[in-house]
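Written below as structure tokens is the structure these notes are about.
The values are calculated or read from the model by the stated rules, or taken from the named source; none is laboratory data. Since the model is a prediction, treat every value here as computed from it, not as a measurement. Glycine gets a Cβ as well: all are built from the backbone with ideal geometry, and neighbour counts include every protein chain shown. All accessible areas refer to the heavy atoms of the entire protein, side chains included, with ligands and DNA or RNA removed. Shrake-Rupley method; radii C 1.70, N 1.55, O 1.52, S 1.80 Å.
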Amino acid sequence: MANSVSQKSGRLVALDYMRGYFVIVIILDHLWRYPSAFSLVTGEASLWVTAAEGFVIISGFLIGYIRGFKGLKLSFLTVALKLISRAAVLYLSMIAASLLYIYIEWSDKVPSMPYTPIGTETKRNWNIVLEQTINLSHPHTWVHFLALYTIFLLASVIMVGLLRRRMPWLVGGLTILLYIFGQITEIEWLKWQIIFFVPSIAGFYFESIKKWWKTLLSEQKQTWNILLYVAGCSTLVTSIAFINFHSLLPTSISEPIAQLFAIESFSPARVILALLWFVMFAMLFSRFSAAIPRSTHGVLAYIGTHSLSAYLVHGLIICAINFFLPPSSGILANTLYGIIAVAAVTLFIRLPVMRSLLPR
């Protein structure tokens, strides 16, 4: 399990591929050209866990591993400044992209733009839009998670400081308390931070986890792998079946289950499932990591190592597709639109001018 994340040149390459995969799923879901062959890959953002959770988990794990464990060789002040600097980059990028997409949406020149509550609630008042973007309460849908990530990075200064003092129990305890408080107050970032900081602890102790894994007998490792695959696959298949055939179930059953895994409530069941599916996917991506670059022509790797760039500009590509290409209800056409979107984002962020302008 622990060595399910392969390493190359100091990078956790399986996580790069996973991050690329999650960003691609987010692009396809924001494009929302369904039905499509990609529905099998994305779940059309309706499964019990989405790509968004996976992206947050990866981010938390890498902060714990790179800024936490790897950062032990640096002073705490140096690490803290790196975290604050990165948070500032994300924050400013989020504001710029959010305002740009709201401007495009309000121009009414691009059809099929996503519904943004702020557009209706403020009656297109730019003063309110600017205020609510700056205070992180209503960024545009397409860059929404940069607002959460900015908060998580700033809070990571405290988290890393506690982990450097070998107090993971305190980090875990605070994370759980904040999650409970988020459930009471319905504050989104307090709910989501649990799938950022729990993986951060795992990232900080990843080398220790790998050493523990190596001490297990091969039979024990096999048992762990089987249990994780069975649990992950069975719940994934159940989620797919429920989403597609929930109407066949009595309302007394379907409604409580739907609420249990609703993204708005972000219940403990959804949190546990997100962590379980993430570990399963990490195992799968590691197992096939040698074949992934060839089979995806390097797209997963490039988007995975340029995830912020892809996330920031994918909305521009979606706008272009919505402007130039007509809507379709056909699977073949929508699949082609999805391919165009992913290819265009990849090519766009590869442009020299974009590489110089966009943060990675």
If you roll a 1.4 Å probe over the chain with all protein chains in place, what percent of the accessible area is carbon or sulfur?
69 percent
Figure the gain on full extension for residue 211 and residue 230 (residue separation times 0.36 nm, minus the Cα-Cα span) and round it to one decimal in nm.
4.4 nm
Accessible heavy-atom area order of 185, 175, 215, highest first, probe of 1.4 Å
215, 185, 175
Quick calc, residue 170 & residue 267: beta-carbon distance into FRET formula, R0 25 Å, rounding 0.05, result 0.55
When the solvent-accessible surface of protein heavy atoms is calculated with a 1.4 angstrom probe, in what order do 246, 306 fall, highest first?
246, 306
Using 0.36 nm per residue, how much length does the chain from residue 354 to residue 276 gain when fully extended, once their Cα-Cα distance is taken away?
24.5 nm
Around residue 192, with a cut-off of 13 angstrom between Cβ atoms, what is the net charge of the other residues, counting Lys and Arg +1 and Asp and Glu -1?
-2
Can you give the net charge of the other residues whose Cβ lies under 10 Å from the Cβ of residue 38, counting K and R as +1 and D and E as -1?
-1
Report residue 103's accessible area, 1.4 Å probe, all protein chains in place, as a number in Å² to the nearest 10.
140 Å²
Rank these residues by their accessible area, most exposed first, probe 1.4 Å: 336, 77.
77, 336
Residue by residue through region 295-308, the couplings from Karplus 6.51 cos²θ - 1.76 cosθ + 1.60 with θ = phi - 60°, in Hz, x for Gly and Pro, are 6, 10, 6, x, 5, 4, 5, 5, 5, x, 8, 10, 5, 5
The answer for region 218-288, accessible area per residue at 1.4 Å probe in Å², is 59 Å²
Quick check: residue separation of residue 251 and residue 323 times 0.36 nm, minus the Cα distance between them. What number comes out in nm?
21.9 nm
